[in-house]
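The values are calculated or read from the model by the stated rules, or taken from the named source; none is laboratory data. Computed from a predicted model, the values in this text were never measured in an experiment. Cβ coordinates were reconstructed from backbone atoms using ideal geometry, including for glycine residues, and neighbour counts include every protein chain displayed. Note: areas computed on protein heavy atoms with side chains; ligands, DNA, RNA excluded. Shrake-Rupley method; radii C 1.70, N 1.55, O 1.52, S 1.80 Å.
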Amino acid sequence: MEHTSGVTADALAEARFFVGMPDASLAALATTAEDVDVPAGHRFFDEGGSAQRFWLLRSGRVALDLQVPGRGAVVVETLPASAVLGWSWLFSPHRWRFGAVALEPVKAVQFDGPGVRELCAADPRLGHDLTLRFAAVMLDRLEATRVRMLDLYAHPEDVR
């Protein structure tokens, strides 16, 4: 994975996830961010591992997977460019609830979770704003996982 710095508040403001966030909050978040290039096949994280980052996907696709007894890793959702990857960094005990792998080369903005948590503690408005934004992401992931699990158990011969 290749890292470069230079993430700006203006660049973050262009992302759908950050629409409407105050400039000062975006500037603060930019201090915790770096651009990364990730090769196809790279595992961002494994279920149960320490969650200390999150990513804003600029290009490429990432598969979220879940360990299912008797089946191994099952893809529950494929995230496109513009999606946010990772929310477990925000909630104790900071352990990944899913796994994630790059399906193709990915360009992303990577955020330092502990640094963002410090910003949120210092600025409760930012903390509240980010919590609401990540709650929406969690609801989307929960629904996608529910639909995928229903599909798998309705058609057990179709392990994809």
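Looking at this structure, is Ala9 without any contact (Cβ under 8 Å) to a residue 60 or more places away in the chain, within 25 Å of Phe91 (Cα to Cα), open to solvent by 50 Å² or more (accessible area, probe 1.4 Å) and among the small types (Gly, Ala, Ser)? Considered against the rule, which asks whether it is without any contact (Cβ under 8 Å) to a residue 60 or more places away in the chain, within 25 Å of Phe91 (Cα to Cα), open to solvent by 50 Å² or more (accessible area, probe 1.4 Å) and among the small types (Gly, Ala, Ser), Ala9 comes out as no.
Out of all the residues in the stretch 132-147, which are open to solvent by 30 Å² or more (accessible area, probe 1.4 Å) and either over 14 Å from the mean Cα position of the chain (by Cα) or at pLDDT below 70 (or both)? Quick ask: steps written out before the conclusion?
The first filter runs over the stretch 132-147 and keeps only residues open to solvent by 30 Å² or more (accessible area, probe 1.4 Å), leaving 132-133, 135-136, 138-140, 142-143, 146-147.
Within the stretch 132-147, Leu132, Glu143, Arg146, Val147 meet the criteria.
Put simply, of Asp23, Asp65 the only residue that is surrounded by 14 or more Cβ atoms within 10 Å (Cβ to Cβ) and among the acidic types (Asp, Glu) is Asp65. In the condition set (1) under 27 Å from Glu143 (Cα atoms); (2) surrounded by 12 or more Cβ atoms within 10 Å (Cβ to Cβ); (3) modelled with pLDDT of 95 or more, Pro39 is compliant with all but (1). Within the stretch 67-120, track down each residue that is on the phi > 0 side of the Ramachandran plot and in contact with a helix residue (DSSP H, G or I) (Cβ under 7 Å, 6 or more places away or on another chain). Within the stretch 67-120, Ser82, His94 meet the criteria.
Can you tell me which of Gly41, Gly70, Gly86, Gly99 is within 21 Å of Glu14 (Cα to Cα) and out of contact with any Cys (no Cβ under 6 Å at 6 or more places or on another chain)?
Matching residue, one of Gly41, Gly70, Gly86, Gly99: Gly86.
Residues that are in contact with a Lys or Arg (Cβ under 7 Å, 6 or more places away or on another chain) and in contact (Cβ under 8 Å) with a residue 40 or more places away in the chain were ranked within the stretch 75-89; the one that is surrounded by the most Cβ atoms within 10 Å (Cβ to Cβ) is Gly86.
Could you tell me which residue of the stretch 90-131 is surrounded by the most Cβ atoms within 10 Å (Cβ to Cβ), considering only residues that are charged (D, E, K, R), in contact with a Ser or Thr (Cβ under 9 Å, 6 or more places away or on another chain) and assigned to a helix (DSSP H, G or I)? Let's see the steps before the verdict.
Of all residues in the stretch 90-131, those charged (D, E, K, R) come to 95, 97, 104, 107, 112, 117-118, 123, 125, 129.
Checking which are in contact with a Ser or Thr (Cβ under 9 Å, 6 or more places away or on another chain) leaves us with 95, 97, 104, 107, 112, 118, 123, 125, 129.
Now narrow it down to the ones that are assigned to a helix (DSSP H, G or I): 118, 125, 129.
Details: Glu118: 13, Arg125: 11, Asp129: 17.
So the residue we want is Asp129.
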